[in-house]
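Take a look at the structure below.
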Amino acid sequence: MMKEPVIAKLTAKDDRSACAFADQIISESQETDAWYEYFDAFASLLDHPKSLVRNRVLHILAANARWDEENRFNLIISDFLTHVTDEKPITARQCIQALAQVGQAKPQYIPMILSCLHGADLSKYKDSMRPLIERDMAETKKALTGPGFSG
């Protein structure tokens, strides 16, 4: 598949089909590197104006981190981490959750991830969302440092 149709499907107005397509990519990326060739195209969506697109691409990139032998993640890790405090709290949560997978696939980023989580200013989020984000941060920290970690 060409890159343009992949991007078009991920950014389609029909969020249900775009989400289903993203789920397919994420699922297939657990087993094969077939989608890794689109890594740069996926990365180009990190700053998409629509938060649902950002949510999808954060998980797609995290799922493909395991196949990143070319270290393309080096070029996007800073942009990826900016979404820890995304303007949309749901996107912040999606990013934080995806970081566990990134760190497990690319342990060299764990210190950077932990530092970002530790220094994140959550004051802009509503009181109803802040505890959820904090819980996600705690779970990601535990996944990257706890006894079950295999990095």
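Among the listed pairs Lys3/Lys106; Lys9/Lys50; Lys13/Lys124; Lys106/Lys141, those whose Cα-Cα separation exceeds 23 Å are Lys3/Lys106; Lys13/Lys124.
FRET efficiency for the Thr32 to Arg130 pair, using the beta carbon distance and R₀ = 30 Å, is estimated at 0.20.
On full extension, the segment bounded by Met2 and Glu70 gains 22.4 nm, given 0.36 nm per residue less the C-alpha separation.
Of all complete DSSP H helices in the chain, those with a Cα span along the helix axis of 15 Å or greater and a mean Kyte-Doolittle hydropathy of -0.5 or more are 15-29, 51-64, 89-105. Would you compute, from DSSP H runs of 4+ residues alone, the mean residue ellipticity of the chain at 222 nm, taking -39500 (n - 2.57) per run and dividing by the full residue count, rounded to the nearest 500? The helix-only estimate for the chain comes to -19500 deg cm²/dmol at 222 nm.
In terms of the mean number of neighbouring beta-carbon atoms within 10 Å, the peptides 92-103, 69-80 order highest first as 92-103, 69-80. Per atom type, the chain shows carbon and sulfur on 52% of its accessible surface, probed at 1.4 Å.
Which value, in Å², gives the accessible area per residue of segment 41-151 when a 1.4 Å probe is used on the protein heavy atoms? Write down the numbers at each step before the final one.
Values: 5390 Å² over 111 residues.
Accessible area per residue, segment 41-151: 49 Å².
On average, how much area does the Cα convex hull of the chain cover when viewed from any direction, in nm²? Don't jump to the answer; show the numbers that get you there.
Numbers: hull surface 35.5 nm².
That works out to 8.9 nm².
Using the Cα atoms of segment 100-142 to build a convex hull, what is its mean projected area in square nanometres? Could you put the intermediate results ahead of the total?
Values: hull surface 11.9 nm².
Average of the hull's projected areas for segment 100-142 equals 3.0 nm².
A Förster distance of 30 Å, applied to the separation of the beta-carbon atoms of Lys50 and Thr145, puts the FRET efficiency at 0.35.
Over all pairs of different C-alpha atoms, segment 35-122 has a mean inverse distance whose reciprocal, the Kirkwood radius, equals 12.7 Å. Listed by chain and number, the aspartates and glutamates whose alpha-carbon sits under 19 Å from that of Lys142, ignoring those within fewer than 8 places in the same chain, are Glu134.
The values are calculated or read from the model by the stated rules, or taken from the named source; none is laboratory data. Just so it is clear, the structure is predicted and the values come from calculations on it, not from any experiment. Cβ sites come from the backbone with ideal geometry, for glycine too, and all protein chains shown count toward neighbours. With ligands, DNA and RNA removed, areas are computed over all heavy atoms of the protein, side chains included. Shrake-Rupley method; radii C 1.70, N 1.55, O 1.52, S 1.80 Å.
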